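Q: Encoded as structure tokens, here's the structure I'll be asking about.
The values are calculated or read from the model by the stated rules, or taken from the named source; none is laboratory data. All values derive from a computational prediction rather than experimental measurement. Cβ coordinates were reconstructed from backbone atoms using ideal geometry, including for glycine residues, and neighbour counts include every protein chain displayed.
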Amino acid sequence: MAARTRWFLFFATLLALLPALPVPEFWITQLNYIGLYATVSLGLVLLTGVAGLTSFGQAAFVGVGAYTAAFLSVNYQISPWLTVFIGLAITVAVALVLAAVTLKMSGHYLPLATMAWGLSLYYTMSNMDWLGKYDGILGVPAMTLFGLSLASGRSYFYLIWVVALLAAVGVVHLLDSRTGRAIRALKGGVTMAEAMGISTYRYKVLVFVLAAMLASISGWLFAHFQRTVNPSPFALGKGIEYLFMAVLGGVGNVWGAFTGAALVKVIEEQLQDWLPRLFGASGNYETIVFGVVLVIVLKYAPEGLWPHVEKLFARFLPSRQRVRDWADAAPLPERSKPQRGELLLDVDRVRKQFGGLVAVNDVSFQIRTGDIVGLIGPNGAGKSTTFNLVSGVLSKTSGRVRFRGEDVSALSSREIARRGLSRTFQHVKMLPDMTVLENVALGGYLRSSAGTVQAMLRLDRAEERQLLREAERQLVRIGMQDQMHELAGNLALGPARMMEIARALCTDPALLLLDEPAAGLRHKEKQALATVLRQLKGEGMSLLLVEHDMDFVMNLTDRIVVMEFGTKLIEGTPAEVQASPVVRAAYLGTEH
Amino acid sequence: MDFSIASILALDGVTNGAVYALLATATVLLFAVTRVIFIPQGEFVAYGALTLAVLQTGQVPGTVWLLLIMAAVAAVVEAVDGLRQRRPVGLVAKGAVLTLAVPLVIATVAMVAAPMNLPLVVQALLTLAIVTPLGGLTYRLAYESLADATVLVLLIVSVGVHFALTGVGLLFFGAEGYRNPSFWDERFNAGPLMLTGQTVIIFLASAALIVLLWLFFERSLYGKALRATAVNRLGARLMGISTVQAGRLSFTMAAFIGALSGLLIGPTTTVFYDSGFLIGLKGFVAAVFGGLASYPMALVGALGVGLLESFGSFWASSFKEVIVFTSILPVLLWRSLRDPHTEED
């Protein structure tokens, strides 16, 4: 059993024993609140720390859960075990609306919308007669489970902590899965994720909805714990406090949510006691401390306190090394490959204009299966733009691209990736805090299907093993198997480029587009890369590469397309291109 | 509703809209130059109104102490940084003195002038002098060292600053609300409409400030430097424009606009230590209407928010906030359909 699992079980057991021990009621209540808060912050860890979005409206989602539970159980005597799902349904509906109107735009519109939503809901709750206005709803019944009453704080403790820990385990499982990698890819910008076939919009919506659901469940628990609801715990200020908990504890880590919730709850209690005495008047002075601490944490410890806790206990918490259990996994399905010599890519007069500037001027060329085609030209010739037009990253002003006989001109990069065209980037795009293996496994996204719920319940392990086996196979292919467990952020530029190639190969492409694969590589590394690419060609792979290193291009390619000022100059075999006076003129200028 | 009620509501809406327009302008300015989504903009509004209210009672307002504390902390932080970077001690000391000089002068004047019961206009000017430097100091303490962080991090810093400034407001001004005397008690009648002197001042001051800002950005070198920083920070830096100075200048302007807005609305409504937040956020909704980028669209948005609020409070008074803040959703939807590009951070 891994050390981390042992520690988790140790703490879970400790928590389970607490109510049976003579712990004062005060601390049980505190722990109950900490569990409730941690469940909400957990959603923010997922949203802010992992996906790079944020929300100030989590308290409002807690309110939706709480008010639904209170209203239905008080007025219609509906069982809490039913109201939780009604609350979740309402929460999901609201979250979907907020996500739909904001997530297609840049990241800061979501928090602004959640802020407006938090305020609106607060004023709605405070003014609706049937929600009891500022007094709220009183007399919420206690929960019962199989006839057992959960009225006491000590018995309710179990429900709160079972929910909180299950949620934490679910999120930990989720992050280490196909869906989890897709969510983590959101922070690395959309272009790479989309090129791997990931719908970034869909996953942004998913994360926001998941975070809202965690908040809603916490609200449901809250209503039956307090036995009364009123608007004040769901105001915007509380929403900001949840974010504060996540940031303070460590927004990038599941256990940071628990650390933050515990710290804020305990410190808040002390401050509310001491500050009014210090200032000689009552009021919420703790906000001054929270605000200042929040700014200081973001300045000096942006990753929060949890990573420091981990460092302190590093001896007892060895970093998690992935167990290699995928050796005997079945291979992932492969797509049918085109026949050698078949017309694979047909670029027909593609054009890109940025205002008055023609970056790519009606360029046409073709690639047949099994060919390595080089795209060369002086700086600014429009090579990378042509690449982006072919792979769907940029939209074309005019012209057609046919891939395997199908017109893909109007398709997004994600759809083109799905059809078997994969690419690397001129500036390496990777996820530095994932291992090399996980980065490469991202390429296998389209070849697998396990979803969120499967991942949380660990029902995706068979497929996960297949994915990791495939990722490892591609790493072996390019000779990087020894660095498999290294964090991608620790790689030098050369190996990082190689890793991108492995990731692209992991998508099982029919055509591979490499944007300056040899840039920044040392001589030996270049030779190794050329060997790998020849080997790929031998296996029937087709390649299009943009490259500046002439030796590399001339020795490797079958045909070369030369571009200058956005226009195709000539096309031919390396020997023809080398002999061409136009190409010389383009690179070196002409004699007068 | 008949015409006279509608026209009264419209006048009311446009009056509030004029103030929201000022705040929206400040929001757009800050976002463009520093990429900071400045949630605490409204706190300066409350500080402005309440500082004047306390001066009216002949006492020294707490914002004076806040000014001194923030200047002292800024001076210490900068001195420590300077010494760490092994800059000459003389230069570091000079920097600290410069940081402290202006706030000290303002605080001294405020303490001497507070009990003198000076005319309202002089007190208003004093209020502007006290609150305006808080903007630059806020930037120096909270944002400057994070200037290259993501928009998301800067936004979270903003809520931290909002929390702190609201709490400080409670500490210095108490939970009680204040209503300032009107700057001009004249009343004009035009049909069913009654125009108070204060309304006229609000219109004139807003219009004047917007024209001044326009002249500043179009005609002055500093204004052009700010615009350059907004377009491209690195490019501006290469042209010798200090992005640090641009940040401090724009925050100072934002605080000035906030304090002025506070002076303008002070006589029309009771202002509490936390009133600024909602007022500021309404300026925000207006700024979002312009995509946090366009000044003219933000002005249109501000008038829209003002009108929505006044008509909303007529039809469903207790839901006017709900109406105003929910209106951001259709606006966002419209923006999302119009310009659906997700920009890469």
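Q: Given the structure, is A:Phe258 more than 11 Å from chain B (Cβ to nearest Cβ) and surrounded by 24 or more Cβ atoms within 10 Å (Cβ to Cβ)?
A: Against the criterion (more than 11 Å from chain B (Cβ to nearest Cβ) and surrounded by 24 or more Cβ atoms within 10 Å (Cβ to Cβ)), A:Phe258 qualifies.
Q: Just for the range B:232-282: of the residues that are touching a residue at least 40 places away in the same chain (Cβ under 8 Å) and basic (Lys, Arg), which one is farthest from B:Asp148 (Cα to Cα)?
A: Top of the filtered list is B:Lys282.
Q: Moving on. Report yes if A:Leu53 is assigned to a helix (DSSP H, G or I) and assigned by TED's automatic domain parsing to the domain that holds A:Leu305, otherwise no.
A: Spelling it out, it is not the case that A:Leu53 is assigned to a helix (DSSP H, G or I) and assigned by TED's automatic domain parsing to the domain that holds A:Leu305.
Q: Quick check: anything in the range A:158-170 among the aliphatic types (A, V, I, L, M), assigned by TED's automatic domain parsing to the domain that holds A:Ala69, in contact with a Lys or Arg (Cβ under 7 Å, 6 or more places away or on another chain) and touching a residue at least 40 places away in the same chain (Cβ under 8 Å)?
A: Checked against the condition, which is being among the aliphatic types (A, V, I, L, M), assigned by TED's automatic domain parsing to the domain that holds A:Ala69, in contact with a Lys or Arg (Cβ under 7 Å, 6 or more places away or on another chain) and touching a residue at least 40 places away in the same chain (Cβ under 8 Å), the range A:158-170 yields no hits at all.
Q: Go through the range A:246-334 and tell me which helices (runs of 4 or more DSSP H), entirely inside it, have 3 or more residues that are more than 30 Å from A:Thr507 (Cα to Cα) and at pLDDT 90 or above.
A: By residue number, A:254-279, A:286-300.
Q: So the check is Cβ under 9 Å with 6+ separation or different chains; which pairs have a first residue in the range B:140-164 that's more than 7 Å from chain A (Cβ to nearest Cβ) and a second one that's of a type in the set (Lys, Arg) and assigned to a helix (DSSP H, G or I)?
A: B:Arg140/B:Arg248; B:Glu144/B:Arg248; B:Ala147/B:Arg233; B:Asp148/B:Arg233
Q: Then there is this: Looking at the range A:322-338, is at least one residue surrounded by 12 or more Cβ atoms within 10 Å (Cβ to Cβ), of a type in the set (Gly, Ala, Ser) and out of contact with any Leu (no Cβ under 8 Å at 6 or more places or on another chain)?
A: No - not one qualifying residue is present in the range A:322-338.
Q: Just give me the residues in the range A:463-481 being modelled with pLDDT under 90, in a helix (DSSP H, G or I) and either under 25 Å from the mean Cα position of the chain (by Cα) or of a type in the set (Asp, Glu) (or both), in sequence order.
A: A:Gln481
Q: Among the residues of the range A:83-97, is any in the same structural domain as A:Lys187 (by TED's automatic domain parsing), buried (at least 19 other Cβ atoms within 10 Å of the Cβ) and aromatic (Phe, Trp, Tyr)?
A: Looking through the range A:83-97, none of the residues is in the same structural domain as A:Lys187 (by TED's automatic domain parsing), buried (at least 19 other Cβ atoms within 10 Å of the Cβ) and aromatic (Phe, Trp, Tyr).
Q: Identify, from the list B:Ala298, B:Ala316, the residue that is crowded, with 23+ Cβ neighbours inside 10 Å and closer than 17 Å to B:Gly13 by Cα.
A: Exactly one of B:Ala298, B:Ala316 is crowded, with 23+ Cβ neighbours inside 10 Å and closer than 17 Å to B:Gly13 by Cα, namely B:Ala298.
Q: Let me ask something additional. Could you tell me which of the residues A:Leu271, A:Leu278 is surrounded by fewer than 17 Cβ atoms within 10 Å (Cβ to Cβ) and either of a type in the set (Lys, Arg) or within 14 Å of chain B (Cβ to nearest Cβ) (or both)?
A: None of the other options fit; the residue is A:Leu278.
Q: Scan the range A:328-339 residue by residue and report those that are farther than 12 Å from A:Arg404 by Cα and either over 33 Å from the mean Cα position of the chain (by Cα) or of a type in the set (Asp, Glu) (or both).
A: A:Asp328, A:Glu334, listed by residue number.
Q: Just to verify a result, which residue in the range B:165-176, among those that are within 7 Å of another protein chain (Cβ to nearest Cβ) and at pLDDT 90 or above, is nearest to B:Ala75 (Cα to Cα)?
A: Per the stated criteria, the residue is B:Val168.
Q: Being more than 14 Å from every other protein chain (Cβ to nearest Cβ), without any contact (Cβ under 8 Å) to a residue 12 or more places away in the chain and under 22 Å from A:Met128 (Cβ atoms) is the filter here; which residues of the range A:78-100 pass it?
A: A:Ile78, A:Ala89
Q: Then there's this: Between a first residue in the range A:103-129 that is facing chain B (nearest Cβ under 8 Å) and a second residue that is of a type in the set (A, V, I, L, M, F, W, C) and in a loop (DSSP other than H, G, I, E, B), which pairs have beta carbons less than 7 Å apart while being 6 or more apart in sequence or on different chains?
A: A:Gly107/A:Leu53; A:His108/B:Ile37; A:Pro111/A:Phe56; A:Met115/A:Phe56
Q: When you go through (1) free of Cβ contacts under 8 Å to residues at least 12 places away in the same chain; (2) of a type in the set (D, E, K, R); (3) closer than 30 Å to A:Phe71 by Cβ one by one for A:Glu241, which number turns out not to apply?
A: Of (1) free of Cβ contacts under 8 Å to residues at least 12 places away in the same chain; (2) of a type in the set (D, E, K, R); (3) closer than 30 Å to A:Phe71 by Cβ, only one is false for A:Glu241: (1).
Q: Note down all Cβ pairs under 7 Å where the first residue falls in the range A:194-222 and is within 14 Å of another protein chain (Cβ to nearest Cβ), the second is among the aromatic types (Phe, Trp, Tyr) and part of a helix (DSSP H, G or I), and they're at least six residues apart or on different chains.
A: From residues that are within 14 Å of another protein chain (Cβ to nearest Cβ), the pairs are A:Ile198/A:Tyr445.
Q: A further question follows. Among the listed residues A:Val293, A:Val247, which satisfies the condition of being within 14 Å of chain B (Cβ to nearest Cβ), under 24 Å from A:Leu46 (Cα atoms) and buried (at least 21 other Cβ atoms within 10 Å of the Cβ)?
A: A:Val247 is the lone residue from the list that is within 14 Å of chain B (Cβ to nearest Cβ), under 24 Å from A:Leu46 (Cα atoms) and buried (at least 21 other Cβ atoms within 10 Å of the Cβ).
Q: Shifting gears a bit: So which residues in the range A:185-209 are surrounded by fewer than 24 Cβ atoms within 10 Å (Cβ to Cβ) and either of a type in the set (Gly, Ala, Ser) or under 16 Å from A:Leu42 (Cβ atoms) (or both)?
A: A:Gly188, A:Gly189, A:Gly197, A:Ser199, A:Leu206, A:Val209
Q: Where in the range A:343-393 are there strands (runs of 3 or more DSSP E), lying fully within it, with 3 or more residues that are within 12 Å of A:Val562 (Cα to Cα) and modelled with pLDDT of 90 or more?
A: Correct list: A:357-368, A:372-376.
Q: Among the residues in the range B:55-75, are any of a type in the set (Val, Ile, Thr), within 24 Å of B:Ser242 (Cβ to Cβ) and more than 17 Å from the chain's Cα centre (by Cα)?
A: Yes.
Q: Also, I was wondering about something else. Return only the number of the condition from (1) in a loop (DSSP other than H, G, I, E, B); (2) of a type in the set (Asp, Glu); (3) crowded, with 18+ Cβ neighbours inside 10 Å that A:Glu438 does not satisfy.
A: Unmet condition: (1).
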